[in-house]
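Here's the structure we're looking at; comments come further down.
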Amino acid sequence: MTALLEVRGLDVRFAGAAASVVKDVSFDVQPGECIGIVGESGSGKSVTARAVLGLASRTATVRAETLRFDGTDLQAASPRLLRQLRGKEIGFVSQGALVALDPLRTVGREIGDALRLHTDLSPTERRARVLELLAEVGVPEPRVRADQRADQLSGGLRQRAIIASAIALRPRLLIADEPTTALDSTVQAGILDLLESLRAQGTALVLISHDLAVVSRLASTVLVMRGGTVVESGNTARVLGDPQHDYTRQLIAAVPTDRPRGTRLGAAPRPAALSPGAPTAAASSGNSGVMPATIAFEAETPVRPSLTPEFAKDAPFDGATTPAETTDATADVVLEASGLVRRFGSRTAVDDVGFVLRRGRTLGVVGESGSGKTTVARLVLALERADSGTVRVLGERWSESTERERRRLRPRIGAIYQDALSSFDPRWTVGQIIEDALTRGRSRRAGEDAAHLLDRVGLGPELLGRRPRLLSGGQQQRVAIARAIAPRPDIIVCDEPVSSLDVSVQAQVLDLLDDLQASLGISYLFISHDLGVIRHVSDDVLVMRAGAVVEGGNTESVFLRPSHEYTRALLDSAPRLPARAAAT
Amino acid sequence: MVRRLGPLEVAAVATIALLALAALAPGVLAPGDPLAIDPLSSFESPSFAHPFGTDESGRDIYTRVVHGTGASLLIGLAATAIGIGLALAFGLLAGFGPRWLDFGTTRVIEVLFAFPGLLFALLFIVVYGPGVVTSTIAVGLSTAPGYARIIRSQVIRVRTSPYLEAATVLGRGRTARIVRHVLPNVAGALFVLATLGIGQSIVWASSLSYLGLGAVPPAAEWGAMLSAGRTYIASFWWMTFFPGLFIVLSAAATTLLGRSLQQNVRAS
Amino acid sequence: MAGSLTLDPSQLARAGGQRGRQSRWLRWLLLRLGGVVFVLWAVASVTFFALRLIPGDPAEAILGGPGSQASEEALAQARAHYGLDQPLATQYLVYLGRLAIGDLGSSYALRQSVVSVIGDTLGPTLVLAVLSLAAAVLIALTLAVWSTRGGRGAAALGSTLEIVAAAVPHFWLAISLILVFSTTLGWLPPVSVPGVAGLVLPVLTLAVPLAGFLGQVMREALLDAMESPFVLAARARGEGEGGLFWRHALRHAAIPAVGLVGWAFGSLISGAVVVETIFARQGLGRSLLSAVQSRDVPLVIGVVLVVALGYMLVTTLTDLADRLIDPRLNRRAQQA
């Protein structure tokens, strides 16, 4: 059987760049087959997809030994022929699901464009076909939706509309670049089902994602990309079950799903002084292969072992709590919320939410977008006034106080955010940011302390003079963490702190948060949409939906024996690695 | 990091440096006396001795243009300073004050916006009479509402930014937040705004001079020279062409510099 | 019975939406109208009181300025005729009352009612402004499209041209154009004559600097739009460059440009003062300048008010256009 798409030795280089962003990539797609391309940001997976379509930007030079679609040489094809192939023979579901529809045009016209370009249908016929397509991809009320614009549709509906426009002409190949990124997991599950049903009908599929679990659900063959090259490829079950390349192993180990609290995700060894025998994820599984502990991820500066013993001598951190205390369920309550209600107009964003957070423990709050979890964080930080209900910090009045009264307690409760960069004053250097959090007024030792803090979060003192925007995403989040722990807080509110990071970086940041909790006894209120992350970090968990808590309690019991239907649905929809891979 | 300067930016910087030299030490570039008359050589076309020609009294136009740089740039700078100064007061009041104050100031700015720039300046001149000082103030006043709008939106942008929230979480008070975050961040935008505004101020101030409402001949100011040359446009084009060219050069150079600053700010 | 009762709930919701939309538009219109009246009142009051600050006797200005040596008797007569002997508050109320019925008084210098002076001059200025705006949009769009599609060199050249165009003072451009096209080439008349030929140079003079400003804004918006994910999606659908431009990018570039039209109107009126003077064209701008020079207060106020009204109308229209181009604005306003 000849391959539908044949790629041999693909090489993409951008004008002015020293090296190619895609190097010697080869793969075949058979009719009706799904192949997955997995990689982190900068791995070249999206550029690969675009190069196949001839859309790799004007400044890019694309070369390949073979680049053939159904026998047609795409490199020799005229722009006109390429345009005819695009949309008609090869459908494309682009990255950034939420912005891939023109905000000024109706969804119906956007989908109709594919028909207008490749068929002779009259406007009325096109309209009828658009409605059929919308119904086919599971958009309710197609008549109403077709006349709406992207901003009137939810993320899931937008993605369905984009898929509708990609499959309008029944292309034989569909390339989907991060089709479910930024979607809630229940919505994601629906989109993946839709893609799977298209594949079952005979459409070949190239599925590109940063998420191994997503790819493993659909793809029979998987390519793992890193730095522009394919490091490993083959049958999905084989690659996940018996990874040959260190990087693949590391990616698998970094997925937090089904890794209970306490296990480590990343490659950095836990400082010996803290927990001498802490096993790494790989070691605990008894895998005799190369230990991931020896591999440093690129793009992220190698994590420096924390110099905790020295640091403890002269640093302001005196380790108020010992790690032993952190597991004590009777430890004192540091944060207490009861009956929190917040309305925005007629909408109730937070509806009667209450909880208790104890010293040295982590309370996870999980929910999909619009569940009110971020509003809870803002209420706890007193950035938002509650319509009713109270928050108490360290047993003291908090939510009902004035800002002036609260200021005394502010250093005891810190925060880290999803977008670390925007939480830094753009004019400040890393050093200024941390010193500002350390001192109130000037201090001679501020510089020294800031260097200690950076060390504490695994960054070198050479970053002190740098501007945060020049750092990688992981480094930025580490700086944010350093700032948060600088005033020696008892509580840190973490609002989606790892959601925009690559899995391997996410793993390192989660491990760092774990270490800091163990050594400093900080309590976390940890908010995330990601069930895997929540399960990994939390002692207790609250599941939120539409502003209310539907279920709460000990994390393992909630995850293993969910009592609420919604929690079950949420757990079912979360993509997982196949059991064998997860255990590796 | 500062972007590498392109050839255009280099040209703009060089032009501004030359203009600054002409403003501060005109004698270096043009040793002659801008007011020295020589009736025998009036209306001479550009030549080696008089690169820009001479005017009706035989004064050397090159010398006059160079010596007029100081006054013209000063008028542009002063008008921009007046405009931005007023706008800053308005914008800060609106951006920081209580809601009702913001509402009130925004309405006032809206009303002022209904006077197109030159109209406002003309109204001011009707009241206070023509002259260099009034026309400078008039240009400043008429540009203020535009600046005020931008400053207000900048203040609000910074005030609602995540990093200001982060400062609140760290326990910083209102004053500290304003002094440490809002003002420095608005200042950057303000600087760009001022650079972009100088060119326009020079153009408008010279327009007023041209209409006979600003500086008056025989002062060696570009607008006034243009005004004087108006009568002779048909036969002696150089009298208006060269002063005008300098206005275009200075306005374009400052705007180019402003744009490039803006892109640097945006990139950061 | 049952059949007639089963109404599709979505239909009901839509009917309600229609009604809601109508009342929303009505409320928006009323609010805008109220805003226009408020701004006009404020402009009139500011102008009225500002002009009372003029040093010297207004009656003297009426009779030809301080040099006219008018007799005390004549001055008193003029004062009585224009109501200047009344208390200021009375004058203000009388003035507002007259404004309300569209009476702008009579010009000191022209001995003619302000309304008729404006009536004579408004038309030519509007023709000039509208033609210039159209020409500016055309030039800006051509420049923006050419420079976004022509590669790096074209982009740099386009942006330089825009900046230089925006930096050119109207009067200098007018003089240069006259020099080239009238004095040297003799193609076009140096002063405004009736007909198309007389309009070319004035329109170009007003259009070029405006095109510089509009071009900068539109080019940036075009570049943004052409880089956006939805354009990539359209490309992947097989859309050609022309389709991308006309169906997607152009509307996005139009949004900031439409937002600038109100401002552009103001700058065109300002420019008209200069252009009408240089080309000896009858118009609002030239009347204003001569009114300023002769301190003809009623005429100045009249022109200012008419321009302010024009500005308000233009901004209302552009807001309306904005909402038609970008329906998101309606929904946002609705949520607020």
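Answer yes or no: is there a residue in region C:103-119 that is surrounded by fewer than 13 Cβ atoms within 10 Å (Cβ to Cβ), among the charged types (D, E, K, R) and modelled with pLDDT under 80.
Yes - at least one qualifying residue is present in region C:103-119.
How many residues are crowded, with 17+ Cβ neighbours inside 10 Å and small (Gly, Ala, Ser) when one looks only at region A:7-34?
Adding up the residues that qualify gives 1.
Within region A:64-79, is even one residue under 18 Å from A:LEU173 (Cα atoms), buried (at least 22 other Cβ atoms within 10 Å of the Cβ), without any contact (Cβ under 8 Å) to a residue 60 or more places away in the chain and of a type in the set (A, V, I, L, M, F, W, C)?
Scanning region A:64-79 turns up at least one residue that is under 18 Å from A:LEU173 (Cα atoms), buried (at least 22 other Cβ atoms within 10 Å of the Cβ), without any contact (Cβ under 8 Å) to a residue 60 or more places away in the chain and of a type in the set (A, V, I, L, M, F, W, C).
Looking at (1) surrounded by fewer than 19 Cβ atoms within 10 Å (Cβ to Cβ); (2) in contact (Cβ under 8 Å) with a residue 60 or more places away in the chain; (3) over 30 Å from A:ALA415 (Cα atoms), which is the only condition B:ILE156 fails?
Here B:ILE156 clears every test but (3).
Answer yes or no: is there a residue in region B:164-172 that is within 14 Å of chain A (Cβ to nearest Cβ), more than 30 Å from A:ALA484 (Cβ to Cβ) and either of a type outside the set (Asp, Glu) or surrounded by 23 or more Cβ atoms within 10 Å (Cβ to Cβ) (or both).
Checked region B:164-172: no residue is within 14 Å of chain A (Cβ to nearest Cβ), more than 30 Å from A:ALA484 (Cβ to Cβ) and either of a type outside the set (Asp, Glu) or surrounded by 23 or more Cβ atoms within 10 Å (Cβ to Cβ) (or both).
For C:SER159, only one of the following conditions fails: (1) more than 9 Å from chain B (Cβ to nearest Cβ); (2) within 19 Å of C:ALA257 (Cα to Cα); (3) modelled with pLDDT under 85. What is its number?
So the condition that C:SER159 fails would be (1).
In region B:228-242, how many residues are touching a Ser or Thr at 6+ places or on another chain (Cβ under 8 Å) and under 22 Å from C:VAL164 (Cα atoms)?
Residues meeting the conditions: 3.
Please tell me if A:SER216 is within 24 Å of A:LEU183 (Cα to Cα), of a type in the set (S, T, N, Q) and modelled with pLDDT under 90.
Yes, satisfied.
State yes or no: is C:VAL193 at pLDDT 85 or above and aliphatic (A, V, I, L, M)?
no
Evaluate region A:516-536: report whether one residue or more is in the same structural domain as A:ILE416 (by TED's automatic domain parsing) and out of contact with any helix residue (DSSP H, G or I) (no Cβ under 9 Å at 6 or more places or on another chain).
Checked region A:516-536: no residue is in the same structural domain as A:ILE416 (by TED's automatic domain parsing) and out of contact with any helix residue (DSSP H, G or I) (no Cβ under 9 Å at 6 or more places or on another chain).
Determine if region C:183-199 includes at least one residue that is facing another protein chain (nearest Cβ under 9 Å) and either under 23 Å from A:ASP102 (Cα atoms) or crowded, with 22+ Cβ neighbours inside 10 Å (or both).
No, region C:183-199 has no match at all.
Can you name the condition, by its number, that A:SER388 falls short on among (1) over 24 Å from the mean Cα position of the chain (by Cα); (2) crowded, with 16+ Cβ neighbours inside 10 Å; (3) more than 13 Å from chain B (Cβ to nearest Cβ); (4) of a type in the set (Ser, Thr, Tyr)?
(2)
Look through C:ALA234, C:ALA254 and report the one residue that is touching a helix residue (DSSP H, G or I) at 6+ places or on another chain (Cβ under 7 Å), touching a residue at least 24 places away in the same chain (Cβ under 8 Å) and either within 12 Å of chain B (Cβ to nearest Cβ) or part of a helix (DSSP H, G or I) (or both).
Result: C:ALA254 is the single residue among C:ALA234, C:ALA254 that is touching a helix residue (DSSP H, G or I) at 6+ places or on another chain (Cβ under 7 Å), touching a residue at least 24 places away in the same chain (Cβ under 8 Å) and either within 12 Å of chain B (Cβ to nearest Cβ) or part of a helix (DSSP H, G or I) (or both).
What are the residues in region B:71-89 that are surrounded by 22 or more Cβ atoms within 10 Å (Cβ to Cβ) and hydrophobic (A, V, I, L, M, F, W, C), if any?
B:LEU73, B:ILE75, B:ALA79, B:ILE84, B:ALA87
Have a look at A:VAL130, A:VAL144, A:VAL139 and point out the one that is crowded, with 22+ Cβ neighbours inside 10 Å, among the hydrophobic types (A, V, I, L, M, F, W, C) and at pLDDT below 90.
Selected residue: A:VAL139, the only one of A:VAL130, A:VAL144, A:VAL139 that is crowded, with 22+ Cβ neighbours inside 10 Å, among the hydrophobic types (A, V, I, L, M, F, W, C) and at pLDDT below 90.
Failed condition for B:VAL139, given (1) within 14 Å of chain A (Cβ to nearest Cβ); (2) in contact with a Ser or Thr (Cβ under 7 Å, 6 or more places away or on another chain), with all others met?
Status for B:VAL139: all satisfied but (1).
Quick check, is A:ARG86 at negative phi, more than 8 Å from chain C (Cβ to nearest Cβ), in a helix (DSSP H, G or I) and in contact with a helix residue (DSSP H, G or I) (Cβ under 9 Å, 6 or more places away or on another chain)?
no
Could you tell me whether any residue of region B:197-208 is in contact with a Leu (Cβ under 8 Å, 6 or more places away or on another chain) and either surrounded by fewer than 18 Cβ atoms within 10 Å (Cβ to Cβ) or within 14 Å of chain A (Cβ to nearest Cβ) (or both)?
no
Report the residue count in region C:282-309 for those that are in a helix (DSSP H, G or I), more than 9 Å from chain B (Cβ to nearest Cβ) and among the small types (Gly, Ala, Ser).
Of the residues in region C:282-309, 3 are in a helix (DSSP H, G or I), more than 9 Å from chain B (Cβ to nearest Cβ) and among the small types (Gly, Ala, Ser).
I'd like to check something: does region C:136-148 contain any residue that is within 12 Å of chain B (Cβ to nearest Cβ) and touching a residue at least 12 places away in the same chain (Cβ under 8 Å)?
Checking region C:136-148: not a single residue is within 12 Å of chain B (Cβ to nearest Cβ) and touching a residue at least 12 places away in the same chain (Cβ under 8 Å).
Scan the strands (runs of 3 or more DSSP E) fully inside region A:18-80 and keep the ones with 3 or more residues being among the charged types (D, E, K, R).
Strands (runs of 3 or more DSSP E) meeting the threshold: A:22-29.
Taking C:LEU244 and the conditions (1) more than 8 Å from every other protein chain (Cβ to nearest Cβ); (2) modelled with pLDDT of 85 or more; (3) within 28 Å of B:LEU112 (Cα to Cα), which numbered condition does it fall short on, given that it satisfies the others?
The one condition C:LEU244 does not meet is (3).
Going through B:ALA14, B:ALA36, B:ALA78, B:ALA30 one at a time, which residue ends up being farther than 30 Å from B:SER153 by Cβ and modelled with pLDDT of 80 or more?
B:ALA14
Might you check whether a residue that is free of Cβ contacts under 8 Å to residues at least 24 places away in the same chain, away from every other protein chain (no Cβ under 11 Å) and part of a strand (DSSP E or B) occurs anywhere in region A:443-460?
There is no residue in region A:443-460 that is free of Cβ contacts under 8 Å to residues at least 24 places away in the same chain, away from every other protein chain (no Cβ under 11 Å) and part of a strand (DSSP E or B).
When both residues are 6+ apart or on different chains and their Cβ atoms are under 6 Å apart, which pairs have a first residue that lies in region B:229-248 and is within 7 Å of chain C (Cβ to nearest Cβ), and a second that is of a type in the set (Gly, Ala, Ser)?
That search, which allows pairs on different chains as well, returns B:THR240/B:GLY229; B:ILE247/B:SER206; B:VAL248/C:ALA167.
Is it true that A:PRO171 is out of contact with any His (no Cβ under 7 Å at 6 or more places or on another chain) and without any contact (Cβ under 8 Å) to a residue 40 or more places away in the chain?
no
In the set A:THR181, A:THR236, A:THR229, A:THR186, which member is buried (at least 21 other Cβ atoms within 10 Å of the Cβ) and not hydrophobic (A, V, I, L, M, F, W, C)?
None of the other options fit; the residue is A:THR236.
What do you reckon, is A:GLY414 touching a Ser or Thr at 6+ places or on another chain (Cβ under 7 Å) and either small (Gly, Ala, Ser) or not in a helix (DSSP H, G or I) (or both)?
Against the criterion (touching a Ser or Thr at 6+ places or on another chain (Cβ under 7 Å) and either small (Gly, Ala, Ser) or not in a helix (DSSP H, G or I) (or both)), A:GLY414 does not qualify.
Counting only residues that are in contact (Cβ under 8 Å) with a residue 60 or more places away in the chain, give me the helices (runs of 4 or more DSSP H) lying completely in region B:1-107 with at least 2 of them.
Result: B:7-24, B:61-96.
The values are calculated or read from the model by the stated rules, or taken from the named source; none is laboratory data. Just so it is clear, the structure is predicted and the values come from calculations on it, not from any experiment. Neighbour counts are summed over all protein chains in view; Cβ atoms, including those assigned to glycine, are modelled from backbone coordinates with ideal geometry.
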